[in-house]
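The values are calculated or read from the model by the stated rules, or taken from the named source; none is laboratory data. The model shown is predicted, which means the values in this text are computed figures rather than measured ones. Note: ideal-geometry Cβ built from the backbone for every residue, glycine included; neighbour counts use all protein chains shown.
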Amino acid sequence: MTSASPHKKSKALKPGSRRPAKELCSECGFCDTHYIHYVKEACAFLNQQVAELEEEAHGRSRNLDNSDDWYFGVNQDMMAARKKEPIEGAQWTGIVSTIACEMLNSGKVEGVVCVQNSEEDRFQPMPVIARTPEEVLAARVNKPTLSPNLSVLEQVEQSGMKRLLVIGVGCQIQALRAVEKKLGLEKLYVLGTPCVDNVTREGLQKFLETTSKSPETVVHYEFMQDFRVHFKHEDGSIEKVPFFGLNTKELKDIFAPSCMSCFDYVNSLADLVVGYMGAPLSYQWMVVRNDTGQEMLELVEDQLETQPVTSQGDRHKAVQQSIPAYEKGVTLPMWAARLMGVVIERIGPKGLEYARFSIDSHFTRNYLYVKRNYPEKLEAHVPEYAKQIVGQYELPE
Ligand code: FAD
Ligand code: SF4
């Protein structure tokens, strides 16, 4: 057994006791380690410092006059890609797992921080330091719940590892970057995914039970670019539920407060980001932020089919209309939701414009959430790029 021992959830560490961010804590795992001493500077919910950390990680912060930078963060290349031979059971085609495996195979790193699941529950996250491709592959597919990835950081130090790859979402990566220089590493690689609307394990159960016809057989799901949630079931079947048919009233309070106040959807501080929302259906979306990200991309380029990113449509009207609809918890009858889904798929935003649609919808919602629930935090917590995005819309009080 070469992976680090599974994270054990400490009963003593309830939010609010050793979680200084209290109810805003995203359970990123940082406070389970002795690095907790740095939490006031490092925690994404206590000290928003995206621009400063971008400068350190990428050599510059994002240019708000350049629309791609403004929305997607510092980048030197962007593309749509998919694996020529997808990995069975991966979330998409398995680009993330493939990069991590090649990083180990090539000897560029000695270990990979990633998230497997517990034996009893496919959605219960279990962070590990994988040292073999088999252990990386065992972590494939999203655990769509808050995951304490950084809880294994101490084990990195104890293991004497000098070259490490960390896979994670924005809040985890911000805390990681804040203590990067204290980890004693010669080289850190950061492979990120975008992340939004994450939930606790209980919240996930409520979502599955409210939305899927067969919650117990769901193996993974994704909010897709065709405006439908695609649930994949154990027997390989795909169930599609239009966004507009979701039971918004029931689901409004399942999202973690951390995710309702997050403005780092695109994982600004990773070297390379792999998501899907800026790409056409069936492709993944890759954002190379710096030379370290390019180095990772080059390791797998021959295994990928790529195409340039494109952008089509205009999101603004749809986003503006979605603001009061969300506030009122509007849910359409399923026949109307399906019809709306078909229409919007034809005429709605596509490619990078779909990604902007998703960013705008979430940032306006989150801005209102912070303004109403944490007004004293609003000014410092919302980054400049997000204020500029939100500023395009008329918001209710
Ligand atoms: P795989 O090869 O299947 O690997 C998945 C990797 O994700 C594994 O290495 C695993 O360690 C890691 N992982 C799994 N669960 C977690 C977790 N909870 N926290 C941190 N790391 C985890 N992309 C978008 O474009 N838009 C979105 O709105 C979006 N939301 C996301 C929400 C969550 C919670 C997560 C984890 C990812 C999200 N993504 C989003 C990214 C997208 O769903 C895919 O993960 C990404 O495209 C990689 O697919 P893959 O097949 O290459 O990954
Ligand atoms: Fe600690 Fe992470 Fe929670 Fe912040 S989000 S309080 S760093 S565990």
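Key figures
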item	result
Yes/no for Glu41 being within 16 Å of ligand 2 (Cβ to nearest atom) and within 26 Å of Glu157 (Cα to Cα)	yes
Segment 64-87 - residue that is more than 19 Å from the chain's Cα centre (by Cα) and modelled with pLDDT of 95 or more and, of those, nearest to ligand 1 (Cβ to nearest atom)	Ile87
Residue in segment 373-393 that is free of Cβ contacts under 8 Å to residues at least 12 places away in the same chain, surrounded by fewer than 13 Cβ atoms within 10 Å (Cβ to Cβ), within 24 Å of the chain's Cα centre (by Cα) and more than 16 Å from Cys262 (Cα to Cα) present	yes
Selection within segment 17-32 - crowded, with 21+ Cβ neighbours inside 10 Å and outside any helix (DSSP H, G or I)	Arg19, Ala21, Cys25, Ser26, Glu27, Cys28, Gly29
Subset of segment 282-321 [within 22 Å of the chain's Cα centre (by Cα) and at pLDDT below 95]	Ser282, Arg315, Val319
Residue list for segment 263-297, filter: within 16 Å of ligand 2 (Cβ to nearest atom) and either part of a helix (DSSP H, G or I) or in contact with a Gly (Cβ under 7 Å, 6 or more places away or on another chain) (or both)	Asp264, Asn267
Enumeration of residues in segment 119-155 that are surrounded by fewer than 22 Cβ atoms within 10 Å (Cβ to Cβ) and over 20 Å from the mean Cα position of the chain (by Cα)	Glu119, Glu120, Asp121, Arg131, Thr132, Pro133, Glu134, Glu154, Gln155
Of the criteria (1) at pLDDT below 95; (2) under 18 Å from Leu188 (Cα atoms), which one Arg163 fails	(1)
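For (1) touching a strand residue (DSSP E or B) at 6+ places or on another chain (Cβ under 6 Å); (2) within 22 Å of Arg131 (Cα to Cα), each residue gets a yes or a no:
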| site | (1), (2) |
| --- | --- |
| Asn149 | yes, yes |
| Gly160 | no, yes |
| Val166 | yes, yes |
| Cys171 | no, no |
| Gly192 | yes, yes |
| Met224 | yes, no |
| Phe231 | yes, no |
| Lys240 | yes, no |
| Leu246 | no, no |
